[in-house]
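**Q** Before I ask anything, here is the structure I am working with.
The values are calculated or read from the model by the stated rules, or taken from the named source; none is laboratory data. Keep in mind that this is a model prediction, so the values were computed, not measured. Heads up, the Cβs are rebuilt from the backbone with ideal geometry, glycines too, and the neighbour counts pull from every protein chain shown. The accessibility values were calculated without ligands, DNA or RNA, using every heavy atom of the protein model including side chains. Shrake-Rupley method; radii C 1.70, N 1.55, O 1.52, S 1.80 Å.
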Amino acid sequence: MPSAPAPVRVAVVGLGFGAEFLPIYQKHPQAEVRAISRRNEAELHKIGDAFGIENRYTEYEQVLADPEVDFVHINSPIPDHGWMSIEALKAGKHVMCTVPMATTIEECEQIAKLVDETGLKYMMAETVVYSREFLFIREMLKSGELGDVQYMQASHPQDMEGWPEYWERMIPMHYATHVVSPVLGLLDKRAEYVSCFGSGVVNADIAEKSGNKFAVESCHIKIRGSDVAAHIWRFLFDTARQYRESFDVYGTKKSFEWPLIEGEDPVIHTAKQPEAMIPERVKVTDFAHLLPEEIREFTQQVADQEHLSFIQGAGHGGSHPHMVHEFVSSLVDNRDPWPNARTSANWTCVGICAHQSAVEGGKIVPLPEFTIK
């Protein structure tokens, strides 16, 4: 019998959000946590002690110098995503990075080029396309239950007041992948061009820090090779709305609408029914069966008496173990992960181009060619 492949060894960088992935990697049959990294030494040791991880680094350069690290999983603040990914690829490490890929087209292009030149793998860890809701909709499409897709829309309203200060310098559409990814990912196609409008105004302090005056940015996406268009909108400050990451899909046979309020069930609309029978609330099923048995529990909330201070499982629609498994298995199987570098760049650059369009009054802005080819 052939021997099982050696586990791939990860260094988890950034241990706020990143700590949620440690128990998933520790239980994955093809992964091993080689190291953790955090700038705050006291917090680094607290998490290292809780999870029994020996190798701990306060400097990113130490992570990249460790020859036993196969890949880095970057969970640092958004301004660090681009340069950290670039330096990791230059150091010969595969990269999984939380969203967005970067905040400039130039950094996105540099990452894509490095992946081409080195043969290393890159995946943007976009939660929405591995959530149980997205997997449910994708199954409806693949089975023919939706019919043909006619239109899609997605929204991500979230008031970031009180969050870390760097959010005050963020432009809404520069953090738009949670709404871009499902509309492009469902059809597995790329954006070709966008047109976006800004609406309303944020307070003077936020406008000065971010360089953006718009309270809300609302964008239409032309999807290449498709007769379907999509609409997305996003805000960060000064607009009243409960947090929501929504994705609505309208088909010829059925349509899926995300709950308006957290905790409610989504609605499926069925065509050609008596009016009162068209809408029906449904329970979205779990998709843990797609995962190795060892990590299936993490699609739900995990009760672990040893790690009560950490959220484990159920985050972002149960997506965390799916993302871990996708990237780990892509390395073991030597294939591109989904989304790969150029798809990640396309999803990220939609938001960057959308803001440019908004500044120019809705002008059509094409996506960079390197994100489409």
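**Q** Restricting the search to the range 130-155, which residues are over 17 Å from the mean Cα position of the chain (by Cα) and among the hydroxyl-bearing types (S, T, Y)?
**A** Correct list: S143, Y151.
**Q** Also, I was wondering about something else. Quickly run through the range 191-204 and pick out the residues that are crowded, with 22+ Cβ neighbours inside 10 Å and within 20 Å of I105 (Cα to Cα).
**A** A191, V194, C196
**Q** Can you tell me which of T104, T118 is open to solvent by 30 Å² or more (accessible area, probe 1.4 Å), modelled with pLDDT of 95 or more, touching a Leu at 6+ places or on another chain (Cβ under 9 Å) and among the β-branched types (V, I, T)? If you could, list the steps in order and put the result at the bottom.
**A** On the way: T104 fails: touching a Leu at 6+ places or on another chain (Cβ under 9 Å).
Among T104, T118, only T118 is open to solvent by 30 Å² or more (accessible area, probe 1.4 Å), modelled with pLDDT of 95 or more, touching a Leu at 6+ places or on another chain (Cβ under 9 Å) and among the β-branched types (V, I, T).
**Q** Is the range 129-136 home to any residue that is open to solvent by 10 Å² or more (accessible area, probe 1.4 Å) and polar (S, T, N, Q)?
**A** Scanning the range 129-136 turns up no residue that is open to solvent by 10 Å² or more (accessible area, probe 1.4 Å) and polar (S, T, N, Q).
**Q** Which condition does M160 not pass, out of (1) within 22 Å of Y243 (Cα to Cα); (2) surrounded by fewer than 20 Cβ atoms within 10 Å (Cβ to Cβ); (3) touching a Ser or Thr at 6+ places or on another chain (Cβ under 6 Å), if it passes all the others?
**A** Going through the list (1) within 22 Å of Y243 (Cα to Cα); (2) surrounded by fewer than 20 Cβ atoms within 10 Å (Cβ to Cβ); (3) touching a Ser or Thr at 6+ places or on another chain (Cβ under 6 Å), M160 breaks only (3).
**Q** So, restricting to strands (runs of 3 or more DSSP E) that lie completely within the range 235-278, which ones have at least 2 residues that are within 24 Å of the chain's Cα centre (by Cα), surrounded by 11 or more Cβ atoms within 10 Å (Cβ to Cβ) and among the hydroxyl-bearing types (S, T, Y)? Give the steps one after another, and end with the answer.
**A** On the way: elements: 246-251, 254-257, 267-270.
Here the list reads 246-251.
**Q** Among the residues that make up the range 230-250, is at least one of them among the basic types (K, R), modelled with pLDDT of 95 or more, under 30 Å from E165 (Cα atoms) and in contact with a Gly (Cβ under 9 Å, 6 or more places away or on another chain)?
**A** Keep residues of the range 230-250 that are among the basic types (K, R), which gives 234, 241, 244.
When the remaining residues are screened for being modelled with pLDDT of 95 or more, the result is 234, 241.
Imposing the further condition that a residue be under 30 Å from E165 (Cα atoms) reduces the set to 234, 241.
Of the ones still in play, those that are also in contact with a Gly (Cβ under 9 Å, 6 or more places away or on another chain) are 234.
Yes.
**Q** Before we move on, is F247 hydrophobic (A, V, I, L, M, F, W, C), touching a residue at least 24 places away in the same chain (Cβ under 8 Å), touching a strand residue (DSSP E or B) at 6+ places or on another chain (Cβ under 7 Å) and on the phi < 0 side of the Ramachandran plot? Don't jump to the end; show me each part of the working.
**A** Numbers: hydrophobic (A, V, I, L, M, F, W, C): yes; touching a residue at least 24 places away in the same chain (Cβ under 8 Å): yes; touching a strand residue (DSSP E or B) at 6+ places or on another chain (Cβ under 7 Å): yes; on the phi < 0 side of the Ramachandran plot: yes.
Judged against the criteria, F247 is a match.
**Q** So, one more: Under 6 Å between Cβ atoms, which residue pairs at least 6 apart in sequence (or on different chains) link something in the range 321-344 that is under 16 Å from D70 (Cβ atoms) with a partner that is hydroxyl-bearing (S, T, Y) and open to solvent by less than 30 Å² (accessible area, probe 1.4 Å)?
**A** P337/S330
**Q** Related question: Does E306 qualify as being modelled with pLDDT of 95 or more and charged (D, E, K, R)? Outline the logic, then answer.
**A** Details: modelled with pLDDT of 95 or more: no; charged (D, E, K, R): yes.
Here the answer is no, as E306 does not meet what is asked.
**Q** Does the range 126-142 include one or more residues that are of a type in the set (V, I, T), at pLDDT 95 or above and more than 25 Å from Q300 (Cα to Cα)?
**A** no
**Q** In the list P29, P5, which residue meets the criterion of being at pLDDT 95 or above, in a loop (DSSP other than H, G, I, E, B) and either within 23 Å of K90 (Cα to Cα) or touching a helix residue (DSSP H, G or I) at 6+ places or on another chain (Cβ under 6 Å) (or both)? Even if it seems obvious, please write down each step before you answer.
**A** On the way: P5 fails: at pLDDT 95 or above.
Testing whether each residue is at pLDDT 95 or above, in a loop (DSSP other than H, G, I, E, B) and either within 23 Å of K90 (Cα to Cα) or touching a helix residue (DSSP H, G or I) at 6+ places or on another chain (Cβ under 6 Å) (or both) leaves just P29.
**Q** Show the residue pairs meeting these rules: Cβ distance below 7 Å; 6+ apart or different chains; first residue within the range 19-40 and among the charged types (D, E, K, R); second residue part of a strand (DSSP E or B) and buried (at least 24 other Cβ atoms within 10 Å of the Cβ).
**A** Here the result reads R34/V10; R34/A11, each pair linking the range 19-40 to a residue that is part of a strand (DSSP E or B) and buried (at least 24 other Cβ atoms within 10 Å of the Cβ).
**Q** Then there's this: Output the number of residues of the range 63-74 satisfying the condition of being in a loop (DSSP other than H, G, I, E, B) and open to solvent by less than 20 Å² (accessible area, probe 1.4 Å). Outline the logic, then answer.
**A** Within the range 63-74, the first condition is being in a loop (DSSP other than H, G, I, E, B), and the residues that meet it are 66-70.
After this cut, where a residue has to be open to solvent by less than 20 Å² (accessible area, probe 1.4 Å) as well, the list is 66, 69.
Residues meeting the conditions: 2.
**Q** Of (1) buried (at least 20 other Cβ atoms within 10 Å of the Cβ); (2) closer than 23 Å to H322 by Cβ, P5 satisfies all except one. Which?
**A** Among (1) buried (at least 20 other Cβ atoms within 10 Å of the Cβ); (2) closer than 23 Å to H322 by Cβ, the lone unmet condition for P5 is (1).
**Q** Still on this structure: I need the full set of residues from the range 180-231 which are assigned to a loop (DSSP other than H, G, I, E, B) and farther than 22 Å from T371 by Cα, in order please. Write out each step before concluding.
**A** Residues of the range 180-231 assigned to a loop (DSSP other than H, G, I, E, B): 186-190, 200-203, 211-215, 224-228.
Those that are assigned to a loop (DSSP other than H, G, I, E, B) and farther than 22 Å from T371 by Cα: G200, V201, V202, N203, G211, N212, K213, F214, A215.
**Q** So which residues in the range 39-62 are open to solvent by less than 70 Å² (accessible area, probe 1.4 Å) and among the charged types (D, E, K, R), if there are any at all?
**A** Once the filter is applied, which keeps residues that are open to solvent by less than 70 Å² (accessible area, probe 1.4 Å) and among the charged types (D, E, K, R), the range 39-62 yields E43, R56.
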